[in-house]
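Asks: Can you read through this structure? Questions will come right after.
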Amino acid sequence: MGDAIRHRSAVVIVLSGPGGAGKGTIARALVKRDEGLVLSRSWTTRPRRVDDDADAYSFVDSAAFEARRSDGGFVEWNEFLGFMYGTPTPDPDEGRDLLLEIDVAGGRQVRDRLPGALFLFVDAPDDVELRSRLLGRGDDAERADARVAEAARERLEADDLGYRRVLNDDLEATVDLVAGLIRDHRASNG
Ligand code: 5GP
């Protein structure tokens, strides 16, 4: 009875890329225009930054993060530049497609569990632009440099994992492009 009406199974979209490349803005724009898409809210031990939306993360201390991790409460988790980040296990009854904004190491864990997910790597036009965006949003010079170096490493790992690279030089055009990729992916997973 319960399965008289069959829905296609939920699609998972992994959005990775360097901080400052614009993936957070893209993710918010996507869920705003698409009711069938929900953005997973990660847990992090990183302190809140000036430009963080109030609901950007669940900001927790290390003890709370560790407790959830040892309970198996994360789909994936990673340490990034000294702080912990993790995707809470989604509600199986959610019904909507799930957008994960996570780093490439997390993407690797998702790929091992869900090889059919859509993997997109959002990148800035170049490192000079990337660094200036990072400084502009509140990182100090040392952390911005660390992120630019980390971005170079992530780019290689993303290529290795088969991510599709999306260059964000025009926000609106990039959101349109990603929305189209999600549409195609849904159609081929219908
Ligand atoms: P930020 O400190 O700039 O908010 O995030 C740093 C990095 O952690 C970004 O690449 C971001 O995508 C990633 N990140 C955010 N949430 C998660 C998560 O739940 N899991 C993993 N693996 N990475 C995350």
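The values are calculated or read from the model by the stated rules, or taken from the named source; none is laboratory data. None of these values were measured; they are calculated from a predicted model. Please note: Cβ atoms are built from the backbone with ideal geometry, for glycine as well, and neighbour counts cover all protein chains shown. These area figures cover heavy atoms from the full protein model, side chains too; ligands, DNA and RNA do not enter into them. Shrake-Rupley method; radii C 1.70, N 1.55, O 1.52, S 1.80 Å.
Asks: Taking the criterion of being within 11 Å of the ligand (Cβ to nearest atom), in a helix (DSSP H, G or I), in contact with a Ser or Thr (Cβ under 9 Å, 6 or more places away or on another chain) and farther than 18 Å from V14 by Cβ, would at least one residue in the stretch 72-93 satisfy it?
Replies: We begin by selecting, within the stretch 72-93, every residue within 11 Å of the ligand (Cβ to nearest atom); these are 74-88.
In the following step, the residues that additionally are in a helix (DSSP H, G or I) were identified as none.
No, the stretch 72-93 contains no residue that is within 11 Å of the ligand (Cβ to nearest atom), in a helix (DSSP H, G or I), in contact with a Ser or Thr (Cβ under 9 Å, 6 or more places away or on another chain) and farther than 18 Å from V14 by Cβ.
Asks: For D145, indicate whether it is open to solvent by 70 Å² or more (accessible area, probe 1.4 Å) and either under 24 Å from L30 (Cα atoms) or outside any helix (DSSP H, G or I) (or both).
Replies: no
Asks: Further question: Can you name the condition, by its number, that V166 falls short on among (1) part of a helix (DSSP H, G or I); (2) in contact with a Ser or Thr (Cβ under 9 Å, 6 or more places away or on another chain)?
Replies: (1)
Asks: So for the stretch 117-135 (the condition being exposed (fewer than 12 other Cβ atoms within 10 Å of the Cβ) and small (G, A, S)), does at least one residue qualify? Reasoning before the result, please.
Replies: Step one: list which residues in the stretch 117-135 are exposed (fewer than 12 other Cβ atoms within 10 Å of the Cβ), which gives 126, 128.
Among the residues that remain, those that are also small (G, A, S) are: none.
No: zero hits.
Asks: Output the number of residues of the stretch 11-48 satisfying the condition of being open to solvent by less than 10 Å² (accessible area, probe 1.4 Å) and polar (S, T, N, Q).
Replies: The qualifying residues number 2.
Asks: What residue, among those in the stretch 49-69 that are assigned to a loop (DSSP other than H, G, I, E, B) and more than 10 Å from the ligand (Cβ to nearest atom), is most open to solvent (accessible area, probe 1.4 Å)?
Replies: V50
Asks: Same structure, new question: Only one of these is of a type in the set (A, V, I, L, M), in contact (Cβ under 8 Å) with a residue 60 or more places away in the chain, part of a strand (DSSP E or B) and more than 9 Å from the ligand (Cβ to nearest atom): L98, L130. Name it. Explain how you work it out, then say what you get.
Replies: Numbers: L130 fails: part of a strand (DSSP E or B).
After ruling out the rest, the residue left standing is L98.
Asks: State whether one or more residues within the stretch 77-95 are over 27 Å from L134 (Cβ atoms), open to solvent by less than 60 Å² (accessible area, probe 1.4 Å) and in contact with a Lys or Arg (Cβ under 9 Å, 6 or more places away or on another chain).
Replies: There is no residue in the stretch 77-95 that is over 27 Å from L134 (Cβ atoms), open to solvent by less than 60 Å² (accessible area, probe 1.4 Å) and in contact with a Lys or Arg (Cβ under 9 Å, 6 or more places away or on another chain).
Asks: Still on this structure, I have one more. Are any residues in the stretch 151-170 over 23 Å from I182 (Cβ atoms) and buried (at least 17 other Cβ atoms within 10 Å of the Cβ), and if so, which ones?
Replies: Hit for the stretch 151-170 is A151, nothing else.
Asks: Only one of (1) assigned to a strand (DSSP E or B); (2) under 20 Å from I13 (Cα atoms) fails for G116. Which number is that?
Replies: Just one mismatch for G116, condition (1).
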